[in-house]
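The structure's right below; bear with me while I get my questions together.
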Amino acid sequence: MRDNARWLGAALVAIACAVGGVMVAAWIAPRVPPVPSVTPVVVAVTTTATAQPAPEPAPVASPDGINLSAHSVDEPHSVWVVVNKQRPLDPKEFEPDDLVSTGIPGGKQVTSETAEQLAKMHAAATDDGAPFAVSTAYRSYNFQKGLFAQYVASDGVAKAETFSARPGYSEHQTGLALDFYDSAGGCALKRCYAETKSGTWLVTHAADYGFIERYPEGSTDVTGYKWEPWHWRYVGVELAQYMRDAKIATLEEVFGLPAAPDYE
Ligand SMILES: [Zn+2]
């Protein structure tokens with residue numbers, strides 16, 4: 001055994017010396033990262049994408065086949081953009097270019113795709129006797145700047161930052177986020193919204209229209225915000241249903257992004 005091991009060691013050293021570090025690295029490279037276990041559809045896409053050596057990690061794919069790199073989490077127009085206290089909009093003064101009226105009670109504006117899905121969700125909730133209305137939707141950089149300054153003046157910076165975002169760090173600036181209140185019970189921007197008819201209806205059904213509760217209960221250390229049962233974010237049906245079925249509470253967790261309890 002010892003002789004065999006010695007021979008093998010010598011042979012490996014000889015090969016390494018003969019071919020050099022580059023060749024050894026080339027032999028090792030295709031073995032990492034491992035090919036993720038995915039559905040046939042995603043495999044086909046992955047194979048094409050990895051035709052050349054990939055310096056970046058392989059696309060994340062769940063057992064259900066959702067491709068978690070299908071949309072950017074950085075690009076402000078992306079339906080999957082993740083905005084938090086560590087991830088301001090880039091640029092901070094970003095304005096969506098396809099804002100339209102929400103078309104439901106309360107008005108305000110969101111992106112066109114958000115409005116389309118919102119209309120369907122509102123119709124279904126109303127049919128089920130749980131109508132809701134919009135309290136806030138898109139907010140511009142300048143509006144957020146004024147709002148935040150107002151909160152800081154009345155509550156101080158530390159407290160203001162627990163419930164309001166600095167300008168450039170608000171999800172409302174993407175045109176993908178809305179605050180709702182119950183058409184019968186009210187509870188605008190209050191925890192009691194969770195107990196209203198529409199508040200409970202949304203928890204069960206919103207994912208089927210592409211919306212997630214963005215600041216869920218028990219996720220303050222991840223999102224940087226206290227529980228806001230009234231604040232909903234459009235991410236598209238596929239991701240919203242995936243998060244619901246896999247019981248993944250936040251965008252930070254589903255995309256493997258760092259928690260953002262506070263500003264840098
Ligand atoms: Zn909000």
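Specify which residue in the list Y138, G186, G218 is farthest towards the positive end of the charge dipole of the stretch 113-233, using unit charges on the beta carbon of Lys, Arg (+1) and Asp, Glu (-1), about the Cα centre.
So the residue furthest toward the plus end is Y138.
Normalised by the residues of the stretch 99-254, what does the relative contact order come to in percent, with Cα pairs under 8 Å and at least six apart?
The normalised contact order for the stretch 99-254 reaches 20 percent.
Distance check, please: which entries in K108/K190; K159/K197; K145/K197 exceed 25 angstrom between their Cα atoms? Please report the intermediate quantities before stating the final value.
Details: K108/K190 19 Å; K159/K197 30 Å; K145/K197 33 Å.
In this structure, K159/K197; K145/K197 lie more than 25 Å apart at Cα.
Can you give the three extents of the C-alpha atoms in the stretch 200-264 along their principal axes, from longest to shortest, in whole Å?
Each principal axis gives a Cα extent; for the stretch 200-264 these are 34, 23, 17 Å.
By average Cβ neighbour count within 10 Å, what is the ranking of 136-145, 247-256 from highest down?
Those peptides, ordered most packed to least, come out 136-145, 247-256.
Relative to the compact-globule scaling 2.2 N^0.38 Å, provide the ratio for the alpha-carbon radius of gyration of the stretch 75-154.
Numbers: Rg = 14.9 Å, N = 80, 2.2 N^0.38 = 11.6 Å.
Compactness ratio reported: 1.28.
Over the alpha-carbon set of the stretch 107-264, divide Rg by the Kirkwood Rh and report the Rg/Rh ratio to two decimals.
Dividing the radius of gyration by the Kirkwood radius yields 0.95.
How many times 2.2 N^0.38 Å is the alpha carbon radius of gyration of the stretch 188-234?
Cα-based Rg divided by the globular estimate yields 1.09.
Net charge near E161: determine it from the other residues with C-beta under 13 Å of the C-beta of E161, scoring Lys and Arg +1 and Asp and Glu -1.
+1
Every number in this text was worked out from the coordinates using simple rules, so none of it is lab data. Bear in mind that the values here come from a model prediction, so they are computed numbers and not experimental data. In this analysis, Cβ positions are derived from the backbone assuming ideal geometry, glycine residues included, and neighbour counts consider all displayed protein chains.
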